[in-house]
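Peer 1: Would you mind keeping the following structure in view while I ask a few things?
All of the numbers you see were taken from the coordinates with simple rules; none came from a lab. Because the structure is a prediction, the values reported are computed rather than measured. Note that we place each Cβ from the backbone using ideal geometry, even for glycine, and neighbour counts take in every protein chain shown.
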Amino acid sequence: MGIAWCVVNVTGAIAAGAAGLAAVLAGVNLYVSGRRELNKWTRETLVEIFVIFLEASFAHNHACRTAEGILPRDAARHSLSADAVAAHDRETDILTWLRLLAPSRVVTTAEALHEAEHKLAEACFLSGEASAEAPDIARILVRRARAAFLESARSTLRLRDTAPIGHSDTRWAEVRALAYEEDQAISGDSQRQ
């Protein structure tokens, strides 16, 4: 009876050890898959946040560029300044998310872009207080700040080979101005009817 009892105890011990090992492995698997899901969620959320922040930045720049050449008292200029403020407010909201989820270098570059856009808005909308070159100088600073933000965002996502934001010397601004003038003429004609 002694040998049989010993065999039963060894078998029971092996079964208990296997069950314990299975429980530990299941716990490790849950932990690893949980971390994987958290990392996936964080990455997807950061991508979405980066895109929204950049879209707001481009909308802000568009409002400022379009406002150039429009008289200060023109209703269209007021509408464009409202667009710039709305884009600014979107960026401010997104900065909160960045402060929660992104590394400090991303937050720092996002804040630098945000501040550069303050200067651009001042140069574009505060008439009489800036030189004729001020919007162009401010726009260069915005481009540099945007490139730095984009580089830090891509680095956070572990993406290599950041593509530069290129700007060629074309007459696109003239095309845009022409389209804007045509839109104004059309809306003026429809209001008169």
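Peer 1: So if R0 is 30 Å, what FRET efficiency would ALA179 and GLU122 give, r being the distance between their Cβ atoms, rounded to the nearest 0.05?
Peer 2: Working: r = 26 Å, r/R0 = 0.88.
Step by step, r from the Cβ atoms, then E = 0.70.
Peer 1: Could you line up TRP97, TRP41 from fewest to most neighbouring Cβ atoms inside 10 Å? Present the calculation step by step, with values, prior to reporting the outcome.
Peer 2: Working: TRP97 16, TRP41 11.
The fewest-first ordering by Cβ neighbours comes to TRP41, TRP97.
Peer 1: Continuing with this model, one more query. Summing Lys, Arg as +1 and Asp, Glu as -1, what charge do residues with Cβ under 15 Å from the Cβ of LYS40 carry, LYS40 excluded?
Peer 2: Value of the local net charge: +1.
Peer 1: Taking 0.36 nm per residue of separation and subtracting the Cα-Cα distance, what length does fully extending ASN39 through GLU68 add? Working shown, then result.
Peer 2: On the way: separation 29, 0.36 × 29 = 10.44 nm, distance 4.38 nm.
Stretched out fully, the ASN39 to GLU68 stretch lengthens by 6.1 nm.
Peer 1: Ok, one more. What list do you get for PHE58, PHE50, PHE125 if you sort them by fewest beta carbons within 10 Å? Show your work: numbers first, answer last.
Peer 2: Numbers: PHE58 13, PHE50 23, PHE125 20.
Least crowded to most crowded, the residues run PHE58, PHE125, PHE50.
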